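Colleague: Let me begin by handing over the structure; questions about it come next.
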Amino acid sequence: MKHVIQVQNLTKVYGKLKAVDHINFEVERGEIFGFLGPNGAGKTTTLRMLTGVIQSDEGIINILGFNIRKEPLKAKQNIGVVPETSNAYVDLSAWQNMMLMSELYGIPKKDAEDRSEYLLNRLNLYHRRDDKVKGFSKGMKQRLILCMALVNDPILVFLDEPTSGLDVTSRQLIREILQEFPDQGKTIFLTTHNMDEANRLCDRVAIINQGEIAAIDRPEKLKNTAKKLKSIEVSFDKTVNNQNLLEISYVNELRKKGDKFIVYTDNVNSLIYSLTDFAKARGLEIVTLKTRDPSLEEVFIELTGTDR
């Protein structure tokens, strides 16, 4: 099966608000697919329809070859879901939570124990397996929830902001685990606000805005399409007035970033000459000067008109 998710004309309406407006996309087996968009764009609504939490008003969703509306149990039996607001049972231990989830999936006891031991070890929780979850940090809880979502060894995993608000160690550990999934033939559908995370993890990304898909492509290809976002990063040995830089030829836009300037242009080569002439005329020394491709975050802002 090439496509593990197939979406056709998916639509959801709340009163006068069209939260999701006839969107279409496919997710291939073994890829990490990012689903990005500003708040209220339709990300969570789409995720809830894909996982069968709510029904669409129009359109077709096929998950692992099964229509989510007509065959929900078959569609869900090989998926794992980590919603943004999910939580483990805090009065149970980590191990008890894993056993409970295994029972819900109908996993044989020995398989459940082996799988739970492996996952808790992999996510650095096995030494706390007998501790009640109420004493866990947010990062530990999120790692446990990921373990619980993976206990049935799913083919497809839905993750909603899996590293939001976590400490650096937990974020890095979760990212490492996720990057192993494609080699295991697993697929990830990831919603995130974190552009850096999407850029690091995703094979492809879809950007949704006001219920519609603004773009779908590989992160690097999306960056290359945003030609007007080409820029130069420059810094000088002395303080420079923003307005003076804006008056240089070939400068379209300027953004200060610490002691550096990000200068946007349509003509990188000519701007380099303009900057060196500017520095020479004012007795400045150029400390750093390098060309920049647009970041995924800049492409996101360009396409949606918002900075998240």
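Colleague: Looking at the stretch 119-142 only, could you name the residues that are surrounded by 13 or more Cβ atoms within 10 Å (Cβ to Cβ) and farther than 16 Å from VAL90 by Cα?
Modeller: Let us first name the residues in the stretch 119-142 that are surrounded by 13 or more Cβ atoms within 10 Å (Cβ to Cβ), namely 119-126, 128-129, 131-133, 136, 139-142.
Selection gives LEU119, LEU120, ASN121, ARG122, LEU123, ASN124, TYR126.
Colleague: Among the numbered criteria (1) surrounded by 15 or more Cβ atoms within 10 Å (Cβ to Cβ); (2) closer than 22 Å to HIS22 by Cβ; (3) not β-branched (Val, Ile, Thr), which single criterion is violated by GLN55?
Modeller: The number of the failed condition is (1).
Colleague: Inside the stretch 191-308, counting only strands (runs of 3 or more DSSP E) that do not spill past its ends, which hold 2 or more residues that are closer than 20 Å to PRO38 by Cβ and at pLDDT 90 or above?
Modeller: Working: elements: 204-209, 212-217, 231-236, 253-257, 260-264, 286-292.
So the answer is 204-209, 212-217.
Each row is one residue, and each column tells you yes or no for (1) among the hydroxyl-bearing types (Ser, Thr, Tyr); (2) under 16 Å from the mean Cα position of the chain (by Cα); (3) crowded, with 20+ Cβ neighbours inside 10 Å.
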position: GLY37; (1), (2), (3): no, yes, yes
position: GLY59; (1), (2), (3): no, no, no
position: ILE63; (1), (2), (3): no, no, yes
position: ARG69; (1), (2), (3): no, no, no
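Colleague: If we scan the stretch 64-73, do we find a residue that is among the basic types (Lys, Arg), assigned to a helix (DSSP H, G or I), out of contact with any Gly (no Cβ under 7 Å at 6 or more places or on another chain) and farther than 20 Å from ILE32 by Cβ?
Modeller: Residues of the stretch 64-73 that are among the basic types (Lys, Arg), as a first pass: 69-70.
Now restrict to residues that are assigned to a helix (DSSP H, G or I): none.
Looking through the stretch 64-73, none of the residues is among the basic types (Lys, Arg), assigned to a helix (DSSP H, G or I), out of contact with any Gly (no Cβ under 7 Å at 6 or more places or on another chain) and farther than 20 Å from ILE32 by Cβ.
Colleague: Might you check whether a residue that is in a loop (DSSP other than H, G, I, E, B), surrounded by 15 or more Cβ atoms within 10 Å (Cβ to Cβ) and touching a Leu at 6+ places or on another chain (Cβ under 7 Å) occurs anywhere in the stretch 99-116? Step through it out loud before you land on a result.
Modeller: Going residue by residue through the stretch 99-116, those that are in a loop (DSSP other than H, G, I, E, B) are 106-108.
With the extra rule that they be surrounded by 15 or more Cβ atoms within 10 Å (Cβ to Cβ), the set shrinks to 107.
After this cut, where a residue has to be touching a Leu at 6+ places or on another chain (Cβ under 7 Å) as well, the list is none.
The answer is no, given that none of the residues of the stretch 99-116 is in a loop (DSSP other than H, G, I, E, B), surrounded by 15 or more Cβ atoms within 10 Å (Cβ to Cβ) and touching a Leu at 6+ places or on another chain (Cβ under 7 Å).
Colleague: Taking the condition of being in a helix (DSSP H, G or I) and either polar (S, T, N, Q) or crowded, with 21+ Cβ neighbours inside 10 Å (or both), how many residues in the stretch 146-172 meet it? Talk me through it step by step, then tell me what you get.
Modeller: Within the stretch 146-172, the subset in a helix (DSSP H, G or I) is 146-150, 168-172.
Right, trim to either polar (S, T, N, Q) or crowded, with 21+ Cβ neighbours inside 10 Å (or both) and you get 146-150, 169-170, 172.
Matching residues across the stretch 146-172 total 8.
Colleague: Return a yes/no flag: does the stretch 237-252 have any residue that is charged (D, E, K, R) and assigned by TED's automatic domain parsing to the domain that holds GLU103. Even if it seems obvious, please write down each step before you answer.
Modeller: In the first step, residues of the stretch 237-252 are kept if they are charged (D, E, K, R); the result is 237-238, 247.
Now narrow it down to the ones that are assigned by TED's automatic domain parsing to the domain that holds GLU103: none.
Looking for residues that are charged (D, E, K, R) and assigned by TED's automatic domain parsing to the domain that holds GLU103, one finds none in the stretch 237-252, hence no.
The values are calculated or read from the model by the stated rules, or taken from the named source; none is laboratory data. In this text, all values refer to a predicted model and were calculated from it rather than measured experimentally. Cβ sites come from the backbone with ideal geometry, for glycine too, and all protein chains shown count toward neighbours.
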